[in-house]
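Where a number appears in this text, it was derived from the coordinates with a stated rule and is not lab data. Computed from a predicted model, the values in this text were never measured in an experiment. Cβ: placed from backbone, ideal geometry, glycine included. Neighbour counts: every protein chain shown.
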Amino acid sequence: MLEFLDSPRVFHGIYLLGSLMLFFIGLYGLLAKRHLLKIFVSIEIMELAVYLILIALATSPGETAPILSDGLLTFTGMADPIPQALTLTAIVIGVAVTALGTSMAIQYHRLTGKVGVGEMTELKD
Amino acid sequence: MTLHFTPVWFIAVPLLLAFLSPLWVRLRLLMPILLGAHVALFALALSWIPTVRVAPLLETIVIAPPLGIHLHLDAVSLLLVALFNVAGAVVSAFLWLSHAEPHLRGRPAFILILLLIAGSSGMVLTGDIFNLYVFLEIVGVSAYALTALRRDKQALEAGLKYLIVGSVAAIFILFAIVLLYLQTGQLNLAALARDFGHIPAPMQALIGLLMLIGLAIKAELFPFNFWVPDIYRGADPEITALFSGVLVKAFLFVLFHLVFLLLADPAVARTWLMALGATTMLVAEAVALRQQDLRRMLAYSSLGQVGLITLALGFASEATTAGALFHMVNHTLIKLLLFLLTALMLRRFLSVRLADLQGLGRAMPLAAGLFVLGALAVLGLPPLSGFASKLWILKGFAEAQVFWPIALILLAALLEAGYYFRWIKVFYAPEPPVTAGQAEGDWAYTPLLLIAGLLLLLGVAPFLLEDWFVQAAKALLGRGAFLESVLGVQP
Amino acid sequence: MSRVPLRKRFRVQTLLLILLCGWLLMLHLTLLLNHGLDGLTTGVGDTLLARNSETASANAVTSVVVSYRGFDTLGEVTVLFLAATGVGLLFAGGLTSSPVPRDRDSHPNEVMVTGTRLLFPTLLMLGVYVVLHGHLSPGGGFQGGVIVATAFFLRMIADPAFTLDHARVDFYESLSGSGFVLFGMLGLVLVSTASFLGNFIPHPVAAMGQLVSAGVIPLIYLLVGIKVGAEVGAIFQDMLEPEPAPDHDHAAKEL
């Protein structure tokens, strides 16, 4: 009954719809929200949406993980390993940036008591 | 076992030195090593000039391109790497020799400055687009942390703003890279350049737009540069010297490198890029007129120069490109000089607002003199180097019979004269100076005098480097040669 | 509540933003559905997959991460290192901030502490396993390193008697990072590979699938694991310790 899901176009289409919606939910949060932590959450959502697009669209239905294990003896019929490696790299970078960002937000809050981007006025002349 | 000097040293050596930093703290060698590394890498860059003149140097990492990552050392990347290391050396010498605050001389500052320069070199050298993203993030994270280095309210606010804007820009760039990979299956720049034409046109436009927005935010182009003056106002002037001198130049190079590579005919984007450059220049110069804080004024002035360089590079003729590269070098040197002077003034006067700097000429005659020199170099007055590079750009436009950029550049120079002389007039005002901070020793001026000497030298004898700039412009514009050197076939 | 006028309940700005984002979404969706659905036909990934047996690593993702695109991984470790440096800098002592409200008197109960202490070695073992089998099965230096860091993090929040020695964490971080670069340089200077990060240890294809195989790949992944574990652990610790940590700047002041 669900065979139509095995067609690459449908498979990719579903992932594309979901991840693009995520991306623009993130963009909305980024533009509409004023709280620093909410902004970091929005940025993370946008990043995750991009990773999802990369992983989902580079893999076709029916491909296995590119790892030799019991029963698999050749590297054929496997998913492209590069997007997975790129995503791994990008996730770690995203984590690093978020860690630095939240630390700055915490310290800024401790010094000034402010949490919103709208109230950031220390640099006004 | 042989010792290979390869371009990978520009990245591996700073990384190693940064990872070993606890050892340098224990040996109390932080500042000497920071200076020494940049001087050594600059010497290394110079030693390659004869090789690169013949053919670009390709450094394969693990597997040959287009499959793997490679570093591409040609005339233009060599020029920029050498420039970045000079800037790193000047700033570290200044930090070492002057009474810099402790936070600028500690282990975090050492790591961040070293890797900021290394990351910028990596962005310029790499021949792989995802590797470019990684270096972009190395540069980004070190820049965010450097902005917040002083850890007071203003520095933290500037750091936060920079981090948010920078990560959003990085997401756009990553999205463009992902789409490029999904469309072509390639990550190598040369292979991407070959296959970009086969992507459907609407997709090309989307990728181009995402990339342009991301890189324009990073390279501080109008209308994506609203955040820049705040960053320059909040961070330490020693750090902003690096931002204006190194970071922006690296991003500008990446932007134009991608434009010239991916688009078989750069004329497609010419109007857009030139318009972007011209508006950046005019808006920034106009706003700079009424700034009350020296750091803000210099930030807008820096944006104006970035606009000028974009305008000249966007035109993509050989003469304007060579002139723009020359101007990049000049602008880096000038802004290093001006921002480091700002640091000295800030230490002496504890404020760099226009009203507080009255009579600076009497309290710090050398600083005021060097500031005048720097201002004249920005304006492009002979015999300083700014004159030679601006003249080259103008000549390039005149040869191509395009006159509106010439008018705009001259108008911008007029505006520049307006605001720089407003500050110089205050410096030499008859009122007695009100100094609250400590005076600086003569040693702090050594790196500044060195830059001033270089500005004069390049102004009097531009022919020393003229050949190199022409070669660099050819390398930057030479899409066919780039593809041939990497892929081995003429497209 | 009920008497709030409509224009105050829905702000025009929000509505416009939603419309803008929705419009952009539709634009991207149409574009990508029309042109981006066919997936990858040929790319460098397939070529690398076909050539993967030359690395003798049973996990193709690992050979891409550590060997073919090892330079990216070095850069990524560097980004993490920079972020850890930045976080350490921000949370180092000496800030004139308002005292942090933190309930010092509430200790975790005995069950919690004992459970955590029992779980700790298991988690460590799992982390080490994941790191060491990175070239054979899913996982590797990053995943395993984060598991190890989590083990320490659990102890830090649940066990009041546990403290992590900052100097030792710094030492491991520094050692593994420089080890990575030195491995890379060794690949460069040895004639057999002559490439940065080249796989200079013999790696016969016959050994594929065994624990000792794939040359330098498991060694580099081990270093990555140590580095990621140390850095993520250091970030956790810095965020957890608002009281003045050892001042990073004190050495500089003496200079």
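Quick notes
- Shown here: chain A, whose C-alpha atoms stretch 65, 31, 23 Å along the first, second and third principal axes, sorted largest to smallest.
- Coil-residue chymotrypsin sites (Phe, Trp or Tyr not before Pro) of region B:225-302, DSSP, other Cβ within 10 Å capped at 12: B:Phe226
- In this label model, B:Leu209 and C:Tyr129 are separated by 5.0 nm, measuring between points 7 Å along each Cα→Cβ vector.
- Amide H contacts of B:Thr126 (H built 1.01 Å from N, under 5 Å, at least 5 apart or other chain): B:His72
- Residues of type lysines that B:Lys395 reaches as a straight line, Cα spacing below 19 Å, ignoring anything fewer than 8 places off in the same chain: B:Lys474
- For B:Lys390, the aspartates and glutamates whose Cα falls under 18 Å of its own Cα, not counting residues fewer than eight places away in the same chain, are B:Glu285, B:Glu318, B:Glu399, B:Glu416, B:Glu466, B:Asp467.
- Overall dimensions of region B:1-142, expressed as equivalent-ellipsoid semi-axes from the Cα gyration tensor (√(5λ), whole Å, largest first), are 27, 16, 14.
- Annotation: the residues B:Trp443, B:Trp48, B:Trp392, sorted from fewest to most other C-beta atoms within 10 Å of their own C-beta, follow the order B:Trp443, B:Trp48, B:Trp392.
- Computed label-point distance, nm, for sites A:Val41 and C:Ala167 using a 7 Å Cα→Cβ extension: 4.2 nm
- Fewest-first sequence of C:Ser178, B:Ser121, B:Ser21 by Cβ atoms within 10 Å of each Cβ: C:Ser178, B:Ser21, B:Ser121
- Built amide H within the under 5 Å cut-off of B:Thr435, gap 5+: none
- Seen from B:Met364, the other residues with C-beta closer than 9 Å to its C-beta sum to a net charge of +1, counting Lys and Arg as +1 and Asp and Glu as -1.
- Centroid-to-centroid separation of region B:146-160 and region C:103-145 [C-alpha atoms, Å]: 35 Å
- Bins of 10 Å from zero: percent of alpha-carbon pairs in region B:9-487: 4, 21, 33, 27, 12, 3, 0
- A Förster radius of 30 Å combined with the Cβ-Cβ distance from B:Phe403 to B:Ala461 puts the calculated FRET efficiency at roughly 0.55.
- Note on B:Val434/B:Ala55: beta-carbon distance plugged into 1/(1 + (r/R0)^6) with R0 of 56 Å gives a FRET efficiency of 0.40.
- Angstrom value of the Kirkwood radius, inverse mean 1/r, which spans all Cα pairs in the protein assembly as shown: 28.1 Å
- Spatial offset of region B:326-373 relative to region C:66-86 amounts to 37 Å, using the alpha carbon center of each.
- Across the cross-link table entries A:Lys33/A:Lys114; A:Lys38/B:Lys153; B:Lys161/B:Lys218; B:Lys218/C:Lys227; B:Lys153/B:Lys335, which are compared at the Cα atoms, the separations over 18 Å belong to A:Lys38/B:Lys153; B:Lys218/C:Lys227; B:Lys153/B:Lys335.
- A cut-off of 5 Å between modelled amide H atoms, ignoring neighbours fewer than 5 places along the same chain, links A:Ile67 with C:Ala60.
- R0 of 30 Å, Cβ-Cβ distance A:Thr64-A:Phe4: FRET efficiency to nearest 0.05: 0.90
- In order along region B:184-195, the Karplus-derived 3J(HN,Hα) couplings, from 6.51 cos²θ - 1.76 cosθ + 1.60 at θ = phi - 60°, round to 10, x, 10, 10, 5, 4, 5, 5, 4, 4, 5, 8 Hz, and Gly and Pro are given as x.
- The DSSP beta bridges internal to the protein assembly as shown are antiparallel in roughly 90% of cases.
- For region A:61-125 versus region C:167-230, the gap between their alpha-carbon centres in whole angstrom: 24 Å
- Label-point gap, in nm, between B:Leu449 and B:Phe226 - each point 7 angstrom along Cα→Cβ: 4.6 nm
- Ranked for footprinting exposure by Cβ neighbours inside 10 Å, fewest first, C:Ser195, A:Ser60, B:Ser77 give A:Ser60, C:Ser195, B:Ser77.
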